[in-house]
Amino acid sequence: MSPTIIIADDHPLLLKGLQDFLDEKQYNVLASAKNGKEALALIKAHVPDIAILDIKMPFFTGLQIARKCKKANLKTKIVLITFEKDEKVYIEAKSLGVYGYVLKEFALDEIENCIASVITDKPYFSPDLLAYLKVEESPEELKLLTKTETKIVGLIAKNKTGVEIAELLFISSRTVEKHKSNIIKKLKLPSKQNSLLIWAKENSEYL
């Protein structure tokens with residue numbers, strides 16, 4: 001089933017272009033808004049699956065709306081659409097749990113990929129933006145690990161043995177081995193020797 005969507009942009013031509021594109025692709029666009037105040041009212045009234053918002057709008061910016069939705073615990077996933085390649089804005093968007101950040105020059109090329117990603121609960125940030133900001137996204141698989149498992153992988157990356165890890169975390173060696181086994185399954189690593197060590201080393205900057 002197609003996700004319910006609300007769109008907002010204070011540029012009439014850009015708003016119409018996005019609306020026409022989504023309609024043509026048969027997405028379920030419930031309504032559109034030409035400023036932040038209208039957009040917030042529509043989100044509160046409909047609680048759509050996704051709200052695609054211009055960052056700079058009169059009354060409320062896309063980021064301010066994201067903050068208000070987060071505070072109100074609304075389940076709508078916010079996607080920001082902008083010309084801005086600004087690290088501050090990107091960091092703030094991430095901190096607010098924004099699900100997407102699409103650059104306007106690539107909007108019609110990327111918006112379908114973005115929606116497809118967002119409805120499966122995966123955030124989507126424009127590859128061009130990430131390349132411009134030189135942002136390295138942490139591996140998605142890391143989100144599957146518990147805090148203890150992440151700690152263990154971090155210690156493995158530092159060449160700690162199972163016995164040393166057990167002592168540092170005040171658990172038994174057997175528990176460490178059990179955690180390792182679970183980590184390997186979650187990361188879908190091959191069962192060959194040292195596969196976890198290799199993965200830990202390659203991704204140590206995110207641990």
Give me the residue from the range 109-158 that is touching a residue at least 12 places away in the same chain (Cβ under 8 Å), farther than 12 Å from Val79 by Cα and of a type in the set (S, T, N, Q) and, out of that set, surrounded by the fewest Cβ atoms within 10 Å (Cβ to Cβ). Ser138
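Conditions (1) at pLDDT 95 or above; (2) buried (at least 20 other Cβ atoms within 10 Å of the Cβ); (3) not charged (D, E, K, R), marked per residue:
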residue: Pro3; (1), (2), (3): no, no, yes
residue: His11; (1), (2), (3): no, no, yes
residue: Leu14; (1), (2), (3): no, no, yes
residue: Asp20; (1), (2), (3): no, no, no
residue: Glu24; (1), (2), (3): no, no, no
residue: Leu30; (1), (2), (3): no, no, yes
residue: Ala33; (1), (2), (3): no, yes, yes
residue: Gly36; (1), (2), (3): no, yes, yes
Show me the helices (runs of 4 or more DSSP H) entirely contained within the range 154-207 in which 1 or more residues are closer than 23 Å to Glu140 by Cβ. 173-186, 195-202
Considering the range 5-52 alone, what residues qualify as being closer than 23 Å to Lys70 by Cβ and in contact (Cβ under 8 Å) with a residue 40 or more places away in the chain? Ile5, Ile6, Ile7, Ala8, Asp9, Asp10, His46, Pro48, Asp49, Ile50, Ala51, Ile52
Would you mention how many residues in the range 168-178 are surrounded by 14 or more Cβ atoms within 10 Å (Cβ to Cβ) and either among the charged types (D, E, K, R) or within 31 Å of the chain's Cα centre (by Cα) (or both)? 2
Is it true that Leu53 is closer than 17 Å to Leu103 by Cα, in the same structural domain as Lys85 (by TED's automatic domain parsing) and buried (at least 22 other Cβ atoms within 10 Å of the Cβ)? yes
Over the range 97-107, the set of residues closer than 18 Å to Lys85 by Cβ and either without any contact (Cβ under 8 Å) to a residue 12 or more places away in the chain or not basic (Lys, Arg) (or both) is Val98, Gly100, Tyr101, Val102, Leu103, Glu105, Phe106, Ala107
Matching entry among Glu92, Glu87 (being among the acidic types (Asp, Glu) and either in contact (Cβ under 8 Å) with a residue 40 or more places away in the chain or surrounded by 20 or more Cβ atoms within 10 Å (Cβ to Cβ) (or both)): Glu87
Does Ala72 qualify as being surrounded by fewer than 18 Cβ atoms within 10 Å (Cβ to Cβ), over 14 Å from the mean Cα position of the chain (by Cα), among the aliphatic types (A, V, I, L, M) and modelled with pLDDT under 90? yes
Quickly run through the range 104-161 and pick out the residues that are closer than 27 Å to Leu13 by Cβ, modelled with pLDDT under 85 and of a type outside the set (Phe, Trp, Tyr). Lys104, Glu105, Ala107, Leu108, Asp109, Pro127, Asp128, Leu129
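The values are calculated or read from the model by the stated rules, or taken from the named source; none is laboratory data. Here the structure is a predicted model, which is why all the values come from computation and not from measurement. Virtual Cβ from ideal backbone geometry, glycine too; neighbours counted across all protein chains shown.
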